[in-house]
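Below is one structure; the comments refer to it alone.
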Amino acid sequence: MTQATAWSPAEFEARLRAKETGYHIHHPFNLRMAAGQCTPAQIRAWVANRFYYQTSIPLKDAAVLSNCPDRATRREWVVRILDHDGTDTQEGGIEAWLRLGLAVGLTRDALWSHRHVLPGVRFAVDAYVNFARRAPWQEAVCSSLTEMFAPEIHKERLAGWPGHYPWIEAQGLDYFRSRIPLAQRDVDHGLRVTLGYFRTPEQQQRALDILQFKLDILWSMLDAIQLAHP
């Protein structure tokens, strides 16, 4: 049953953050990676499949821009595209992920060709991009709030991978390091939009459902990888 009155901003944010229990940091495949139990082949499969997601993030962010009539929001949001695509003078997240791929033994061609991308991963990622294209821009912004939980998973990998997977070249982990401060900046903006837009009980429940949808996207990607690489 829908709550009779809207939650306060503080309670609404708390309920959004409580969704962390469904974040893919808790997925069995990620737990195995974190514990150092994955083989080189499994790590390479994860890196190659996740690269499809990385290259799709700027497409998602461009979709938000194309649907957003607010100039101030567009000016704040556009930096996310540059964060991933990079510029002539600054490396972006995609290039950093390519270096992770090289560090685990993949080639640039293997990554850019997406030939290792599983159908289930492709389906999930494409569903996310299509959602951003078709939904109101505020809903697409809300879906990005899984970034609230990202710093912890990046810190986990930075702390554990050098010991668990010493065969991975150290510079390959730069992506995780670079995303920690950027994630907090993005979360601050995403929360401002979400808390300001989703105000009624029905809207707030919609926001929780959208965040769950994005959590399911990330979880189902690991489901597909685990099924193909048990």
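Rundown of residues vs (1) open to solvent by 30 Å² or more (accessible area, probe 1.4 Å); (2) under 30 Å from ALA14 (Cβ atoms), yes/no style:
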residue: ARG75; (1), (2): yes, yes
residue: LEU100; (1), (2): no, no
residue: LEU111; (1), (2): no, no
residue: HIS154; (1), (2): no, yes
residue: ARG157; (1), (2): no, yes
Sort through ALA132, ALA127 and tell me the only one that's open to solvent by 10 Å² or more (accessible area, probe 1.4 Å), closer than 28 Å to GLY190 by Cβ, small (Gly, Ala, Ser) and assigned to a helix (DSSP H, G or I). ALA127
Filter result (open to solvent by 60 Å² or more (accessible area, probe 1.4 Å) and touching a helix residue (DSSP H, G or I) at 6+ places or on another chain (Cβ under 6 Å)) within the stretch 1-16: THR2, PRO9
Among the residues in the stretch 81-97, are any open to solvent by less than 10 Å² (accessible area, probe 1.4 Å) and under 24 Å from ARG32 (Cβ atoms)? yes
Can you tell me which residue within the stretch 135-147, out of those that are open to solvent by 10 Å² or more (accessible area, probe 1.4 Å) and in a helix (DSSP H, G or I), is nearest to SER220 (Cα to Cα)? GLU147
Criterion first (over 20 Å from LEU218 (Cα atoms), touching a residue at least 40 places away in the same chain (Cβ under 8 Å), open to solvent by 50 Å² or more (accessible area, probe 1.4 Å) and of a type in the set (D, E, K, R)) does ARG122 satisfy it? no
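Rundown of residues vs (1) in contact with a Ser or Thr (Cβ under 8 Å, 6 or more places away or on another chain); (2) on the phi < 0 side of the Ramachandran plot; (3) acidic (Asp, Glu); (4) open to solvent by 40 Å² or more (accessible area, probe 1.4 Å), yes/no style:
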| position | (1), (2), (3), (4) |
| --- | --- |
| GLU20 | no, yes, yes, yes |
| ILE25 | no, yes, no, no |
| ALA34 | no, yes, no, no |
| GLN37 | no, yes, no, yes |
| ILE43 | no, yes, no, no |
| GLN54 | no, yes, no, no |
| ALA62 | no, yes, no, yes |
| PRO69 | no, yes, no, yes |
Kindly evaluate GLY163 against the criterion of being open to solvent by less than 60 Å² (accessible area, probe 1.4 Å) and not hydrophobic (A, V, I, L, M, F, W, C). no
Qualifying positions in the stretch 199-230 - closer than 30 Å to GLY120 by Cβ and either outside any helix (DSSP H, G or I) or of a type in the set (Gly, Ala, Ser) (or both): ALA207, SER220, ALA224, ALA228, HIS229, PRO230
Is it the case, given these coordinates, that ALA170 is more than 20 Å from MET148 (Cβ to Cβ), out of contact with any Pro (no Cβ under 6 Å at 6 or more places or on another chain) and aliphatic (A, V, I, L, M)? yes
Among (1) assigned to a helix (DSSP H, G or I); (2) aliphatic (A, V, I, L, M); (3) open to solvent by less than 30 Å² (accessible area, probe 1.4 Å), which single condition is ILE168 missing? (1)
Number of positions in the stretch 173-196 that are touching a residue at least 12 places away in the same chain (Cβ under 8 Å) and surrounded by fewer than 17 Cβ atoms within 10 Å (Cβ to Cβ): 4
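The values are calculated or read from the model by the stated rules, or taken from the named source; none is laboratory data. Just so you know, these numbers come straight off a predicted model, no measurement behind them. Note that we place each Cβ from the backbone using ideal geometry, even for glycine, and neighbour counts take in every protein chain shown. These accessible areas exclude ligands, DNA and RNA; they are computed on the full protein's heavy atoms, side chains included. Shrake-Rupley method; radii C 1.70, N 1.55, O 1.52, S 1.80 Å.
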